[in-house]
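Please read the structure below before turning to the comments.
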Amino acid sequence: MAVSMKLWNIEDDRLRQIHRTRLDYEERLEEWITREPSFLGIDVLLIGRQVTTEFGGKIDLLGINRQGDLVVIELKRDKTPRQIVAQVLDYASWVRKLTYDEIGNIAADYLDRSLVVAFSERFEDPLPDNIDKNHSMLIVASSLDDTSERIVQYLTDEYKVNINVAFFTFFGRGGQAYLGRAWLQDPEQVQEVSDSRTKGPWTFGS
């Protein structure tokens, strides 16, 4: 379970609580992440936004990490919790089949330059020859229901699926706005569990 975040401001050596407020629309969060991906707490280069899959859905944000693995980033928006978990898994099933050239085309359309160049600029390392060997999924939401959280943790614990949830909390006080973030699961541990996998991510049988 994600810990409920609370925030205080220190004024004249006194603590004054900053209360949680409702984000008027989550599209703002996508804009903020697009401008400052470091908010997610992962080292990623965004290579696509509203990427259309062959199933007709649109991935909110698509990134690539230093290892050359794709990251599917999906905001909850107005979807129900179970919808968003199912949707991000559906998108990942499409992402895993993308070829090197298809990934390059997605990136070039979004970045207006080649993935090779953008990757080198961002990470100061050449793009690996073999990319997307272990893609990951990140749901960004203000909250999820207990059942959906258990499903995400089950996929990681039992099948070593690289999936996590980043919870955001919006605070406001005196005309100032603050944004907080918390994880459902420790991202480093999720990555380690996923890296230890010796069989394909969707081979659930023994």
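The values are calculated or read from the model by the stated rules, or taken from the named source; none is laboratory data. Since we're looking at a predicted model, the values are computed, not measured. Heads up, the Cβs are rebuilt from the backbone with ideal geometry, glycines too, and the neighbour counts pull from every protein chain shown. Side chains included, ligands, DNA and RNA excluded: accessible areas come from the protein's heavy atoms. Shrake-Rupley method; radii C 1.70, N 1.55, O 1.52, S 1.80 Å.
Would you kindly derive the ³J(HN,Hα) couplings of region 46-63 from the backbone phi angles with the Karplus curve 6.51 cos²θ - 1.76 cosθ + 1.60 (θ = phi - 60°), listing them in order in whole Hz, with x for Gly and Pro?
6, 10, x, 9, 6, 7, 7, 8, 6, 8, x, x, 10, 6, 4, 9, 10, x
Mind checking region 115-179 for trypsin sites (Lys or Arg not before Pro) that DSSP puts in a loop (not H, G, I, E or B) and that have at most 14 other Cβ atoms within 10 Å?
Here the sparse-neighbourhood loop sites are Lys133.
Give the carbon-plus-sulfur fraction of the accessible surface of region 33-126 in %, rounded to a whole number; probe 1.4 Å, heavy atoms of protein chains only.
Here carbon and sulfur together make up 47 percent of the probe-accessible area.
Run through the DSSP bridge list for the chain and note the antiparallel percent, rounded to the nearest 5.
Antiparallel: roughly 70 percent of the beta bridges in the chain.
Scanning the chain for chymotrypsin sites (Phe, Trp or Tyr not before Pro) in DSSP loops with at most 11 other Cβ atoms within 10 Å, what's the longest stretch left with none?
Here the longest run is 56-201.
Which sequence of Glu30, Glu192 reflects their accessible areas, 1.4 Å probe, from the largest down?
Solvent-accessible surface, decreasing: Glu192, Glu30.
Just to check I understand the Karplus step: with θ = phi - 60° and J = 6.51 cos²θ - 1.76 cosθ + 1.60, what whole-Hz values come out for region 171-178, glycine and proline as x?
Couplings: 10, x, 6, x, x, 9, 10, 9 Hz.
Given H placed on each backbone N at 1.01 Å, which residues far from His135 in sequence or on other chains put an amide H within less than 5 Å of it?
HN-HN under 5 Å from His135: Leu70.
With everything on Cα atoms, drop me the angle between helix 100-111 and the longest principal axis of the chain, reported from 0 to 90° to the nearest 10.
40 degrees
Can you list residues whose amide H is under 5 Å from Ile47's amide H, if they're 5+ apart or on another chain and H is modeled 1.01 Å from N?
Leu62, Gly63, Ile64
Between (1) 1.02; (2) 1.27; (3) 1.08, which matches Cα Rg over 2.2 N^0.38 Å calculated for the structure shown?
Answer by label: (3).
With axes computed from alpha carbons, what is the tilt in degrees of helix 146-159 against the longest principal axis of the chain, rounded to the nearest 10 within 0 to 90?
40 degrees
So how do Asp60, Asp13 rank on accessible area, 1.4 Å probe, biggest first, that is with the largest at the start?
Asp13, Asp60
With every protein chain kept in place and ligands, DNA and RNA left out, what is the accessible area per residue of the chain? Probe 1.4 Å, answer in Å².
Accessible area per residue: 55 Å².
Over the chain, how many pairs of lysines fall under 18 Å by alpha carbon, counting only those 8 or more apart in sequence or from different chains?
Lysine pairs satisfying the spacing and distance rule in the chain number 8.
On alpha carbon coordinates alone, what is the Rg over Rh value for region 24-104, Rh being the Kirkwood radius?
Dividing the radius of gyration by the Kirkwood radius yields 0.95.
Give the relative contact order (percent, whole number) for the chain; include only Cα pairs under 8 Å separated by 6+ residues.
21 percent
Go through region 138-143 residue by residue and turn each phi into a ³J(HN,Hα) via Karplus (6.51, -1.76, 1.60, θ = phi - 60°); whole Hz please, and just put x for glycine and proline.
10, 9, 10, 8, 6, 6
As I understand it, the value is the acute angle between the Cα axis of helix 81-95 and the longest principal axis of the Cα atoms of the chain; what does it come to in degrees, rounded to 10?
Computed tilt is about 30 degrees.
Report relative contact order for region 13-100 in percent, whole number only (criteria: Cα-Cα under 8 Å, sequence separation at least 6).
The value is 19 percent.
Between Glu36 and Trp94, what FRET efficiency comes out of the Förster formula 1/(1 + (r/R0)^6) with R0 = 25 Å and r the beta carbon distance, rounded to 0.05?
The computed FRET efficiency comes out at 0.40.
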